[in-house]
Each structure stands twice: as structure tokens, then as C-alpha cells.
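Everything below concerns the one structure shown next.
Here, each number is a calculation from the coordinates, and none is a lab measurement. Bear in mind the structure is a predicted one, so any value in this text is a computation, not a measurement. Counting neighbours? That spans all protein chains shown, and the Cβs are built from the backbone with ideal geometry, glycine included.
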Amino acid sequence: MLEIENLDFNYLGSAPLFENAKLCIRPNTFSIIIGPNGGGKTTLLNIIMGFLKPSKGTIRSSFKQIGYVPQAHKIDLEFPIRLIDHVRIGCIQKLTWWGGFDKKTDLFVQQILEKLDLWSIKDLRLKELSGGQLQRAQIAHALASNPDLLILDEPTSNIDPKAKKQILEILHSLKETVTILMVTHDLETLLPETDQVFLVSNAIEPVDKKTLCVHTAMGLYEHRLIQPRGE
Amino acid sequence: MLDIFSNPFVAMAAIASLLSSIASGIMGTYVVIKRIVFIAGSISHALLGGIGVCIYLYSLYPSPIFYPLNGALVSSLLAAGVIGWVYLKHKDREDTAIAAIWTIGMSVGIIFASITPGYNVELMNYLFGNILWASIREIKLLICLDVLLLLAVFRYRYLFLAISYNEKQARLNHVPVDRLYLILLALVAVTVVILIQAVGAILLIAFLCLPAAVAGKCTKSIDQMMAAGVGFCTLFSFIGILLSATWNIPLGATIALVCSTFYFILLLIKKEP
């Protein structure tokens, strides 16, 4: 369970981004965050992960390990790392005293790569992967740490529909074991599988799933996803 | 042409180059992938301050405590510590702090060298180096450095990889990012101190970034990049030695130009898709 209450946050010298905001993520749920660019989605994720400190409010979390999949454009593709090493450093907590990994961990890495259909390309560099393979590689890295909360920042942006479908299927299959919190713009694709939806637009606003379905179909939410509240 | 290696000075320079290449290939890989080339540059110039102070103090109190190498080690570790602290606590000011430390080190070095009685060439030697004059003591220090780096990299290879690739993900995986970053900077500082005696501050920067950068363009992993970095660094050094001996031009500058030329040729040949 993740509970955020009375959250205030502002960047130095800027107007408050959140005031008295609250959020509750239940275990083994699939929650999505939607909202316009600049509305505070990534800031909220950074607060949850502990990289940003709120000026006020309480954050209570029972999650012990967080897995994080950053936005695709934030991945340094020039970094010289093979896919298999990329997943290995995800399970860095299992490092042995001599600085390597034992056979059990290697097998675990192999299982993750096979599950995400990446084993056959394990020796490729990240920059040699397609958009869909790269996103699956990021998910594999995050899963290697055995997370109980998986945070994904727009994992389906800039990839083709087939790759998008494959990633969504993987995420839905994980729901039984991992709590998922995802920032996305793909409302229509995700709504049937989603437990909770939050609209983050200079505030955190829970959105009723059924209402959102109807409103999305009618195009009523489009303006909320383009312009932050109050602008 | 290879006869020149029968010259004891050239042979010594070749051995020093080979040993320097091992250290440069290993640490250069981290300098390149962690994008800390300017930090290495700043440390390599900051230690001139420590050397200048020690030269001055030695002229007043001739004691082994004030050997220039001791001053270089203290000032480089101090510079690495300050840069590391600024990076971890005030990341937005990092580039300014790097430039300030670079300038402070050089200025202190020049001021103390100027007030030291007699003509002093030692500081200039550290700045420009002279690999042809590599001594047995320097060769031994280079061997110790190579052993230290090989052991450190073997133990910390995945941890250094994790903090170099993505600090945020490393922190979520409970990796002690701050401590490892400071260890990495300390290793860079020690590498700089030992290498600078043989190759000088100018060639040192070329050694620490260009061969590894060339290697990074044609390898798939960190291990391969390090091995190729050592290979390229050795190759560039030997080409530099041959050209320098043939045309009777300064060795350090020749090696630095060979490194840079290969790097830019590779940039032109290996265009990114």
C-alpha cells in the first residue's frame, strides 16, 4: 500500500505544483496516471521514489522494492552495455562477495529474458534494439530487482502497435505479483485492465474509470490532457 | 624503423607507454562512460597546486614529507573529494566547481613555484611530462597502479557499471551510489597522480579519454571497451614513438596528436545510423 496525504510540492522559485494532494495505491492493482505535459506526472513519480522531497505531507509505503522504467528518451543508447548486462545490473543486490553473479542469479536473469522474449538477442547493445525490444529490456531490468511496485513512465510511447500490445500483455500478466503504477497517454488501450486512474494536472484527481471511458470516447478529456489545470 | 626501440630511452618510453596504456584503458573507460573527462582534467591540473606547495616547502624544509608526489596525491584526492561533494549535493553547480578547482590548482602551483628560490623546472615537467625520461621508480609505480586498478575493477565492475548507466535505477536497487562515486573519483585521482609523472597533464587527458572513446565506438560491452582501450592506447603510443623518433619532434605532443587524429577519423568513418 502506498498512501500520500496533504502533499505540497513546488520547485524552487516556482508556483506550487501540488497543494494538499493525496493518492492511494493498493497492492496488486494496475493504476495509471494521465495528464498534460508539465502537469507534474514525472514529478509525482520522483516524489514516490524518494528522489524529490515534498515541502509538506506524509508518504507511507509498504513497498520494499521499487522497479522503475524511465521514459525511452532518457535512456542513453550510446552507453556500451549488452542487454544481458543491463538486466544483470538490475539484480545487483544479488552480487556475490567477489563482485560477480552466481549460477542461480544467471538462471534468474535467463528466465526474465526468456519471459520477455529477449533471450535470443541478449548479446546485442541497447542501441541495436528496436523501440519495442528496448522497452521490454527496461522492464526486464526493473523486474530483475524483484520489485513489489513497478513504476513505468510512458512505456508505450513511440513504439509500433504490435510492440505496444506485447508490452501491455506483459504488464497485465505481472499484475498478480507486482503492483503497477504507470504514466501513459494510451487511455483506450489500457482502460479495460485498469483498477485506478489518476489525473495529474497540478493536482492529483482520482477519475472514475467508467466515466473516463465515456468521456474519452466523446473526446471530453482531451483538453485536460493538453493543458495543465489553471492555465 | 623498429631499430629505434634498441635505444634505452625509447625502450623505457615504450614500457612506460604500455603500462600507462593499461591504466588509461581501464580508467578511461569509466571516465568516458560516466562523462567525467573534465573532472579528470580538473584533478590533473589541481594537483599542480599540491606539487607547487611541496616544492616550496621542500626548499625550506628538505624532508621526504614534502616530495612533490605526496603533494600531488593529497591535492588530487582533495580535488576529487570536493568535486564529488559538489556533484552529489549541488549537481547544478558541478561544471563551475570543476573549472574553479582546475584554476585554483594551477594558480597555487604557479605562485608557489615562483616564490621558490632558484629556477624550477619540476612543475613544467608535470604539466608537459617527458615519457622518454621515465625512471625505474616510475615504472614500478605504474605496475602498482595497474595491479590496483585491475583488482578494483574486478571487484566493483558491476557496481561501477550500475552507477555509470543510471544512478536513479541504481539508488532504487539500494546501491551505495554516493560512496561508489567517490571511490571512482579517488581511483581517477590516484591514476592521474601516477600517470602524470610519466606522461604529463596534457597527454594524460588524451590518454584518459581518446583511446577509450575510440574503443567505445567499436565494442559491445564495458569489458571489451577496456581491453580495446588498452590496445588502442598502446597502438597510439607506439605510433607516436615511431613518428617522434623519425621526425625528431616532442613525443608527448606527438602521441596526443595521434590519439586525436584516430578519434576524428573514426568519427568520420563510423557514422551513427
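Points to keep in mind about this one:
- Pairs from A:LYS53/B:LYS89; B:LYS91/B:LYS168; A:LYS64/A:LYS94; A:LYS64/B:LYS168; A:LYS115/A:LYS175; A:LYS74/A:LYS175 whose Cα-Cα separation, in the structure shown, is over 18 Å: A:LYS74/A:LYS175
- Ranked by the mean number of other Cβ atoms within 10 Å of their residues, highest first, the peptides B:36-47, B:234-245 fall in the order B:36-47, B:234-245.
- Cα-based equivalent ellipsoid of chain A: semi-axis lengths in Å, sorted from largest, via gyration tensor: 31, 21, 16
- Simple point charges give the picture: +1 on the Cβ of Lys and Arg, -1 on the Cβ of Asp and Glu, and for the protein assembly as shown a dipole about the Cα centre of about 480 debye.
- Each eigenvalue of the Cα gyration tensor of segment A:72-145, multiplied by 5 and square-rooted, gives one semi-axis; in descending order these are 20, 13, 10 Å.
- In nm, spacing of pseudo-spin labels at B:SER114 and B:LEU257 (7 Å Cα→C-beta vector): 3.1
- Relative contact order, whole percent, for segment A:72-145 stands at 51, derived from Cα pairs under 8 Å and 6 or more residues apart.
- If you plug the beta carbon distance of A:ASP160 and A:THR29 into 1/(1 + (r/R0)^6) with R0 = 22 Å, you get a FRET efficiency near 0.20.
- Positive-end extreme of charge dipole, segment B:2-264 - chosen from B:TYR56, B:VAL37, B:LEU182 (charges on Cβ): B:LEU182
- Considering only A:SER31, A:PHE79, A:PHE9, and ranking their Cα positions along the charge dipole of segment A:1-103 that arises from unit charges at the beta-carbon of Lys, Arg, Asp and Glu, the one farthest toward the positive end is A:SER31.
- Degrees between helix A:209-218 axis and first principal axis of chain A (Cα, 0 to 90, nearest 10): 80
- Semi-axis lengths (Å, descending) of the ellipsoid that matches the C-alpha gyration tensor of the protein assembly as shown: 51, 26, 19
- Within chain B, longest stretch clear of exposed trypsin sites (Lys or Arg not before Pro) (DSSP loop, no more than 15 other Cβ within 10 Å): B:36-269
- Per-residue ellipticity at 222 nm computed for chain B from its helices equals -28500 deg cm²/dmol, with DSSP H segments shorter than 4 residues left out and the rest contributing -39,500 (n - 2.57).
- Judged by the ratio a/c of the largest to the smallest principal axis of the C-alpha gyration tensor, segment B:2-264 counts as oblate, that ratio being 1.5 or greater while a/b is no larger than b/c.
- Segment B:115-179 versus segment A:47-107: alpha-carbon centroid distance in Å: 27
- Average silhouette area of segment B:1-79, convex hull of alpha-carbon atoms, in square nanometres: 7.4
- Segment B:1-149: C-alpha gyration tensor shape, a/c 1.5 cut-off, then a/b vs b/c: oblate
- Backbone HN-Hα couplings from phi across segment A:83-94 [Karplus 6.51/-1.76/1.60, Hz, Gly and Pro as x]: 3, 5, 5, 4, 6, 4, 5, x, 9, 5, 5, 9
- Segment A:1-145 - charge dipole about Cα centre, Lys and Arg +1 at Cβ, Asp and Glu -1, debye rounded to 20: 240
- Average partner coverage of B:148-157, which counts Cβ from other chains inside 10 Å: 2
- Neighbouring Cβ atoms from other chains, within 10 Å of the Cβ of residues in A:79-91, number 6 on average.
- Summing Cβ point charges (Lys, Arg +1; Asp, Glu -1) relative to the Cα centre of chain B gives a dipole of roughly 700 debye.
- Cβ-Cβ distance of A:HIS185 and B:LEU267, R₀ of 41 Å, FRET efficiency by 1/(1 + (r/R0)^6): the value works out to about 0.65.
- Relative contact order for segment B:162-273, counting Cα pairs under 8 Å that sit 6 or more residues apart, in percent: 22
- When the convex hull of its Cα atoms is viewed from all sides, segment B:161-273 shows a mean projected area of 8.6 nm².
- Contact order normalised by residue count of chain A, Cα under 8 Å, 6+ apart, percent: 31
- Inter-chain Cβ neighbour average for residues B:158-170, partner chain, 10 Å: 6
- Note on segment B:2-264: dipole from Cβ charges, positive end direction compared against B:LEU132, B:VAL214, B:ALA198; the farthest Cα belongs to B:VAL214.
- With both labels modelled 7 Å from their Cα along Cα-to-Cβ, the A:GLU78 to A:ILE59 distance reads 3.1 nm.
- Projected label points at B:ASN248 and B:SER107, each 7 Å from Cα along the beta carbon direction, are separated by 4.2 nanometres.
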